[in-house]
1. State which residue is nearest to the ligand (Cβ to nearest atom) when the search covers only segment 279-290 and only residues that are of a type in the set (A, V, I, L, M, F, W, C) and crowded, with 24+ Cβ neighbours inside 10 Å.
2. State all residues of segment 194-207 that are of a type in the set (K, R) and either within 12 Å of the ligand (Cβ to nearest atom) or surrounded by fewer than 18 Cβ atoms within 10 Å (Cβ to Cβ) (or both); if no residue qualifies, say none.
3. Y270: out of contact with any His (no Cβ under 9 Å at 6 or more places or on another chain), at pLDDT 95 or above and either closer than 28 Å to Q91 by Cα or not β-branched (V, I, T) (or both), yes or no?
4. Considering only segment 451-467, I want to know if a residue exists there that is in a helix (DSSP H, G or I), touching a strand residue (DSSP E or B) at 6+ places or on another chain (Cβ under 7 Å), crowded, with 19+ Cβ neighbours inside 10 Å and of a type in the set (S, T, N, Q).
5. Of these, G617, G539, G630, which one is within 30 Å of P527 (Cβ to Cβ) and open to solvent by less than 60 Å² (accessible area, probe 1.4 Å)?
6. Six or more apart or on different chains, Cβ under 7 Å: which pairs go from a residue in segment 242-262 that's among the small types (G, A, S) to one that's near the ligand (Cβ under 10 Å from one of its atoms) and outside any loop (DSSP other than H, G, I, E, B)? Could you list them?
7. Restricting attention to segment 254-276, report how many residues are farther than 14 Å from G318 by Cβ and within 16 Å of the ligand (Cβ to nearest atom).
8. Can you tell me which of G57, G29 is small (G, A, S), at positive phi and open to solvent by 30 Å² or more (accessible area, probe 1.4 Å)?
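The values are calculated or read from the model by the stated rules, or taken from the named source; none is laboratory data. Keep in mind that what you see is a predicted model, and the values were worked out from it rather than measured. Note that each Cβ is placed from the backbone with ideal geometry, even for glycine, and that neighbours are counted across all protein chains shown. Ligands, DNA and RNA are stripped out before the accessible areas are found, and what is left, the full protein with its side chains, is counted by its heavy atoms. Shrake-Rupley method; radii C 1.70, N 1.55, O 1.52, S 1.80 Å.
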Amino acid sequence: MADWTIDDAERIYRVNRWGAGYFTIGDNGNLHITPDLANPDIRIDFNSVIEEIKQEGIQFPVVVRFHDILRSQVACLNKAFRENIEEAEYQGKYMGVYPVKVNQMREVVEEIVDAGEPFNYGLEAGSKAELITALAYNTNEDSLTILNGYKDEEFMRLALLGRKLGRKIIVVVEKFSELISLVKISKELDIEPLIGLRSKMTVKGRGKWESSGGDRAKFGLTIAEIINAAGYLRDNGLLHCLKLLHFHIGSQLTDIRSVKEAVSEGARIYAELYRMGVPLEYVDVGGGLGIDYDGSQSTNDSSRNYNMQEYVADVVYGIKEVCDLENVPHPNLVSESGRAITAHHSCVVTQIVGEIKSSSGNLDTSYKEDEHVFVTNMRDLADSLPEADNIQEIFNDASQYKEQGIDAFKLRVLGLEELAKIETLYWQIMQQVQMKVSTQEFVPEEMQELDYNLSSQYLCNFSVFQSAADTWAIDQVLPVVPLTRMNERPTVNCSLVDITCDSDGKIDQFVSDNGLADVIPMHKLNPGEDYFIGLFLTGAYQDVMGDMHNLFGRLNEVHIFSYDDDPEDFYIEEFVRGSSVEDVLSIMQYNPTAMAQDVKRMIDKRVASGDIKPREGVKWTDFYEACLAGYTYLKPVKK
Ligand SMILES: *Cc1c(COP(=O)(O)O)cnc(C)c1O
């Protein structure tokens, strides 16, 4: 093992790069967590977390939530704004909000609200259900509640209820008709609203969500509409309610230049409006603060070429510069970073339950009298390989012989066993070819795919559609690493497949030492030993966007709190049970109770007719019911 160090593991898994200080590879080869950046003495070994989950009898796959990471991110963002504001002698305050849509789980929202209390950190809601949540949970009267998204009259009434409850609740108008309805209802209820306007921006973000900006953006008012809106409010005696200018040019902004451009465009609009007599107090720069999922620190879709510090500095200094030039007051700053707050705090932990190889099933290929000449040809080719100097030729011949073999089988010239021999020999040849080719400097194009074709697929006990929807939907890269054994050289290049019956249920884009790779080095599975992997940075969007494809339901969850006095530095504060089979069936309108009764009746009938013994019948009935109440994922054999 001396030829393999933790630095080598770091080079291929890039944990420090995407881990943002929270995750590192420990000297013992296990993944370690430092859940609070302000308290680096607390270090949790992921293996201890796994052991505790097993001891509690909780089935995998499991979502592991580190609440301290959430708190730490809330503190980091708010402190970054405070520090920059102080350093820049910026006159306004930072009044950030967490956009609920990024992760609506109650525990997540509660934790963020609680950690944000000292900073007057608020919530952003983009739908009626989210607003109803914000009304109940954002009880800090000094923090903001920002309301985006399309709104009906009920939505407006709920917002005005918030005003009655003494909240700083700002309705951001996305389209002009909303303003008319808001003014009407506020007059009817005699409650003054706080109003924001969302500006359609000319700058486009760069990245997957760039259509959130530009002329064809779905949301926001044009400059002409903004001026009309101010006029409409003035006519209705409500101009003093217009408090906030909002823009949001997209999530996961990969290039800091689009942040700078949006900030200066937004600041210009603010300054002009202010000078026109609109008493704006806040500029809200929306979301977009990106995450370096692939650790490349680049403008890749799954990365970004800046960090939180730089983003915050660009917002603060960018707005200050424009305001100072235009001689208008510095507005209070609002941002709606969701991804940056939640991505790191949760991950999916699961075990590998099998290996799939294209070349598996080796058959005895030794010579047999009166075998077909195609088999002989392939064997001769294999035998000639050690001395061969033209690898390309061998590769071409083998490929051709294999195709011939398949055609011959279809024409009933070749038997099944002979075809199997040809296949076995073919893969043996390809393995040799790959080995020879890997030492060459130049690898011909056709043979470059050999690595992938010969790689294993590790079968993971989870569903991509439930737990990593964006890897399927938008090719999002999420870091995957083994949670143990990183002090051993990984010898198996593999991609990952899930347990759904869908060939899209796979992960074949990985963080690697030079950009992205379609395979990831993992360790050989040891018989009788669990091999756990973690899928990281799933806390933003993935947690709640998953669906029940194949009726795989929500995952079991454990919530980890750090605790310095504990020998392992943590405890499981809560276990939230995932969906049972019954749960997912009920959602699909089945009636599990009736189903159990039906199956019992059928078993009873067989018992009555003597096909099943009574004791056996009871066992089958109980078994069916236990499976109904059980978890939707695989239950690997106890080791
Ligand atoms: C989705 C959304 C956000 C959150 O964006 P992140 O990139 O996750 O920080 C913020 N504001 C609005 C209006 C959004 O639609």
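1. L289
2. Scanning segment 194-207 gives a single hit, R198.
3. yes
4. yes
5. None of the others qualify; the one that does is G630.
6. Close Cβ pairs satisfying both conditions: G250/S212; S251/R339.
7. Number satisfying all stated conditions: 2.
8. Answer to the check: G57.
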